[in-house]
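K.L.:
Would you mind keeping the following structure in view while I ask a few things?
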Amino acid sequence: MLRKILISFIFFTCLSSFAFSAPCYGTKMPKKGEWFWGLEVNSIIKRNLEGRAGKFRSSQAFLTGSFGILDWLCFDGKLGYGFVKYHPLDFEEIDYKESFAGAYGFRIKMYNSPFDDFKTVFGFQHISVHPHHKIISDIKRRVIFDDWQLSFIVSYNRLDKFTPYLGVKVSRGDVVEWHNDKRNRMKSEDSQMLGVVGGFDFYFSQRCWLNIEARFLDEKAGSVRLTYAF
């Protein structure tokens, strides 16, 4: 019952602010009281914005941490840095250099098959990137990139040292831009909110593994993460 209430709360809270894209992390979660620590690189190769706002791309590097609140619920957090390259339709691409980036999210284990062949996980993730500002034609320009998503993924767990997964997600990535003190939020295309995610975990040992993930349709993006369980 607690799990159903928590899933409903997170789902409707996210939708109330629009469900926005970030790595899905896969289905391997820390048990209650356990920590996972890792290093991650996440790259958004292309994401379209609505109307004539253009498109953008971004990459981030993170120290990641996941903590098991319960055996079926974990918190995911990240700290690092990232850049944003924004390309308006009526202007050349603007390269906002690396600065602070952070992220957080939750994952809920929904189902394990009787013999642990399959596992399903529901997740909510958010990334925010705050690159350095630029001065162009005496105008101070700065941006913040906000990236959100809800995801539902299924993994197959019977292969030796290799766990593939596949899923769907609803996402949005916004660029908030300032020209001096004038603020404008540019939303990603509403028609491109639904996406597909696929990836795998490759195990060097029971405590150390590599995650590689690709995301399509809503964006062209991917991530690589090396994780160790403590």
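K.L.:
Counting other Cβ atoms within 10 Å, keep those with at most 16, restrict to DSSP loop, and tell me which GluC sites (Glu not before Pro) in the stretch 61-157 are left.
P.N.:
Numbers: sites: GLU92, GLU93, GLU98; in loops: GLU92, GLU93.
When the GluC sites (Glu not before Pro) of the stretch 61-157 are filtered for loop state and at most 16 Cβ neighbours within 10 Å, GLU92, GLU93 remain.
K.L.:
Mind checking which lysines have their C-alpha under 30 Å from LYS32, skipping anything on the same chain fewer than 8 residues away?
P.N.:
LYS4, LYS78, LYS109, LYS119, LYS161, LYS169
K.L.:
Once the stretch 86-190 is represented by equal point scatterers at the alpha-carbon sites, with solvent omitted, what log10 I(q)/I(0) does the Debye formula produce at q = 0.10, 0.16 Å⁻¹?
P.N.:
With no solvent term, the Cα-only Debye profile gives -0.46, -0.80.
K.L.:
OK, next. Report the Cα centroid-to-centroid distance between the stretch 194-226 and the stretch 77-129 in angstrom, as an integer.
P.N.:
Here the two parts' Cα centres lie 11 Å apart.
K.L.:
As an exercise, identify the trypsin sites (Lys or Arg not before Pro) in the stretch 30-103 lying in DSSP coil whose Cβ has no more than 13 other Cβ atoms within 10 Å.
P.N.:
LYS31, LYS32, ARG52
K.L.:
For the stretch 2-229, take every pair of Cα atoms, bin their distances at 10 Å starting from 0, and report each bin as a whole percent.
P.N.:
Calculated over all Cα pairs of the stretch 2-229, the distribution is 8, 33, 34, 17, 6, 1, 0 percent.
K.L.:
On to the next question. For the stretch 121-211, which trypsin sites (Lys or Arg not before Pro) pass both filters: DSSP loop (anything but H, G, I, E, B) and at most 13 other C-beta atoms within 10 Å?
P.N.:
Those that pass, being in a loop and sparsely packed, are ARG158, LYS161, ARG207.
K.L.:
How big is the charge dipole of the chain about its Cα centre, in debye rounded to the nearest 20, if each Lys and Arg gets +1 on its Cβ and each Asp and Glu gets -1 on its Cβ?
P.N.:
With Lys and Arg at +1 and Asp and Glu at -1, about 280 debye.
K.L.:
Here's another thing I want to ask about it. In whole Å, largest first, what are the principal axis extents of the Cα atoms in the stretch 155-230?
P.N.:
54, 28, 16
Values quoted throughout were computed directly from the atomic coordinates according to the rules given, and no laboratory measurement underlies them. Predicted model only: the values in this text are computed from it and were never measured. Methodologically, a virtual Cβ is constructed for each residue, glycine included, from the backbone with ideal geometry; neighbour enumeration extends over all protein chains shown.
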